[in-house]
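Working notes, structure below.
Quick note: the coordinates plus some simple rules give every number you see, no bench work behind them. All of these numbers come straight from a predicted model, not from anything done at the bench. Don't worry about glycine lacking a Cβ; one is built from the backbone with ideal geometry, like all the others, and counts go over all protein chains shown.
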Amino acid sequence: MATTSIAIQESPLVLQLFRRADDALILGHRLSEWTGRAPALEEELALANIALDLIGQARGLYSHAGTITGHTEDQLAYLRDAGAWRNCLLVELPNGDFAVTIARLLLFSAFADPFWRAASGSFEATFAAMAAKAEKETAYHLRHAGEWLIRLGDGTVESHRRAQAALDLLWPYTGELFATDAADTALIEAGVIPDPASLRETWNVTLGNMLSRATLARPVDGWMQSGGRGGRHTEHLGHLLAEMQHLQRTYPGATW
Amino acid sequence: MVATASLRDRALAVLEDVVDPEIPVLTIADLGILRDVSVQGDTVEVTITPTYSGCPAMNMITLEIQTALARAGIDARIHTTLSPAWTTDWLSDAGRRKLAAFGIAPPEHTSSRRALFGEAHPACPLCGSTDTEQISEFGSTACKSLHRCRACREPFDAFKCH
């Protein structure tokens with residue numbers, strides 16, 4: 001018998017913890033889908049390592065949220081329906097080819113790196129401690145994705161074409177990284193999180209450097225997709241959750 | 001008072017034998033993840049901190065601490081603290097020597113963004129040559145990167161500077 005989904009009262013802090021944790025877990029899950037399929041053994045290890053970092057970050061954030069809402073980290077990860085997930089749409093899109101996977105990791109990490117660096121000064125002590133760990137890990141992710149994008153963009157005609165296509169595909173999903181709502185604003189004013197909009201310049205500079213070395217063109221900012229932070233997702237999230245949550249939904253409370 | 005001190009000393013002696021499951025030459029004290037040991041009544045309070053957010057060894061280390069102390073007849077509560085965040089600077093000098101002897105290049109001493117991003121050429125733990133190259137910055141565990149020695153041609157792991 002399937003387990004009943006949980007519904008959660010989200011204070012601004014809990015909502016924020018879900019937004020960060022859901023980003024990390026969903027991206028970590030997507031990267032873990034490469035296990036056994038990566039183009040080289042070293043890349044197999046790298047993608048699995050990065051996935052592990054992200055899932056570890058998510059675990060800490062869920063545990064913290066759970067102490068407020070009265071849930072375990074597993075309940076928060078496995079018993080929320082798609083409409084209760086707060087990740088940005090960028091991280092839930094399918095992996096596509098290797099270029100899409102790398103471009104997505106770069107676009108996300110170029111935001112997450114300055115975000116966690118700034119958040120390590122948060123007035124919320126536990127969040128600050130998690131940010132201080134995440135910052136160091138994210139710096140590695142950013143460098144790894146950047147080096148790959150440069151190799152792909154400045155590689156063969158085919159790898160260049162695919163890298164550019166990946167950027168063009170993902171670009172409309174980057175606006176959501178910097179968007180804020182009233183719940184975010186309350187936390188920004190309280191000194192709990194940095195204002196994502198203030199990180200855009202750093203993001204632009206990081207990407208500008210990497211794209212020029214990769215001989216890739218920066219896509220034009222146009223219509224930006226959004227909705228994930230409020231629980232309006234692409235169809236892809238439901239499929240991902242069906243696989244990720246299957247065990248706990250089918251065998252409630254299973255441990256190993 | 002005497003009893004309290006001796007309980008703590010006994011616990012510390014037991015913890016001397018608890019090692020990292022992935023790098024069994026290092027004790028948790030060598031690694032710098034054992035942050036505090038104190039006594040509350042009849043119970044020992046052990047505080048540890050994770051190396052990496054996703055380090056899968058943490059659950060196992062917690063279990064091993066609990067088991068080792070229980071075997072010595074000591075009741076313990078284990079807490080995990082995140083702040084201040086662990087850095088490779090906390091790896092003891094003994095730990096660095098043990099790592100190198102085990103075949104893993106120890107991290108450079110100062111953890112910083114420069115060290116994190118600098119071109120890393122750790123000395124080969126097998127022949128000592130500094131003529132080495134990085135194969136991959138992600139190795140067999142989250143805390144290690146993969147290198148090759150150009151002098152003796154052997155591949156080796158290096159502990160990442162964090």
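Dipole check for segment A:196-255: with +1 at the C-beta of Lys and Arg, -1 at the C-beta of Asp and Glu, and the Cα centre as origin, the magnitude is about 80 Debye.
Measuring from each cysteine beta-carbon in chain B, the ones with no other cysteine beta-carbon under 4.7 angstrom are B:55, B:143, B:161.
Near residue A:53, once Lys and Arg are set to +1 and Asp and Glu to -1 for all other residues with Cβ below 14 Å from its Cβ, the sum equals +3. The Cβ shell under 13 Å around residue B:40 holds other residues with a net charge of -2, Lys and Arg each +1, Asp and Glu each -1. Build a GNM of chain A with springs between Cα atoms under 10 Å apart, and of A:145, A:166, A:197 the one that fluctuates most is A:197.
Centre-to-centre separation between the Cα atoms of segment A:195-224 and those of segment B:93-107: 41 Å.
Net charge near residue B:78, counting Lys/Arg +1 and Asp/Glu -1 over other residues with Cβ under 12 Å of its Cβ?
Numbers: positive: B:35, B:77; negative: B:36, B:45, B:64, B:75.
Local charge sum for residue B:78: -2.
From the alpha carbon centroid of segment A:62-78 to that of segment B:36-82 is 22 Å.
The Cα atoms of segment B:1-77 define a convex hull whose projected area, averaged across directions, is 4.7 nm². Rounded to 0.05, the FRET efficiency of the residue A:81 and residue B:135 pair, given R0 = 51 Å and the Cβ-Cβ distance, is 0.75.
Using C-alpha pairs below 8 Å separated by at least 6 residues, the relative contact order for segment A:1-106 is 39 percent. Once the Cα atoms are used to define both axes, helix B:2-15 deviates from the longest principal axis of chain B by about 30 degrees.
Helices in chain A that qualify as membrane-span-like (whole DSSP H runs, Cα extent of at least 27 Å along the helix axis, mean Kyte-Doolittle hydropathy of -0.5 or higher) are A:12-32, A:41-69, A:98-119, A:125-153. In terms of Cα atoms, the Rg and Dmax of segment A:1-83 work out to 14.6, 44 Å. Between A:141, A:239, A:29, the residue with the greatest mean-square fluctuation in the GNM of chain A (Cα pairs under 10 Å linked by springs) is A:239.
Only Cα sites of the protein assembly as shown enter the Debye sum here, all with the same form factor; the resulting log10 I(q)/I(0) across q = 0.11, 0.12 1/Å is -0.90, -1.06, listed in q order.
Compute the Rg to Rh ratio over chain B from the alpha carbon atoms, using the Kirkwood formula for Rh, and round to two decimal places.
Values: Rg = 17.6 Å, Rh = 16.9 Å.
Rounded to two decimals, Rg over Rh is 1.04.
Over all alpha-carbon pairs in segment A:12-250, figure out the percentage whose distance exceeds 26 Å. Before the final figure, lay out each step's value.
Values: 9731 of 28441 pairs.
Across segment A:12-250, Cα pairs with separations above 26 Å total 34 percent.
Cα axis of helix B:93-102 to longest principal axis of chain B: angle in degrees, 0 to 90, nearest 10? Once rounded, one gets 60 degrees. Averaging the sequence gap over all C-alpha pairs within less than 8 Å and six or more residues apart, then dividing by the number of residues, gives segment A:12-250 a relative contact order of 26 percent. Under a Gaussian network description of chain A, with springs only between Cα atoms under 10 Å, the residue in A:127, A:18, A:108 that fluctuates furthest is A:127.
In degrees between 0 and 90, to the nearest 10, how far off the longest principal axis of chain B does helix B:57-71 point, with axes built from Cα atoms? Helix B:57-71 sits at roughly 40 degrees to that axis.
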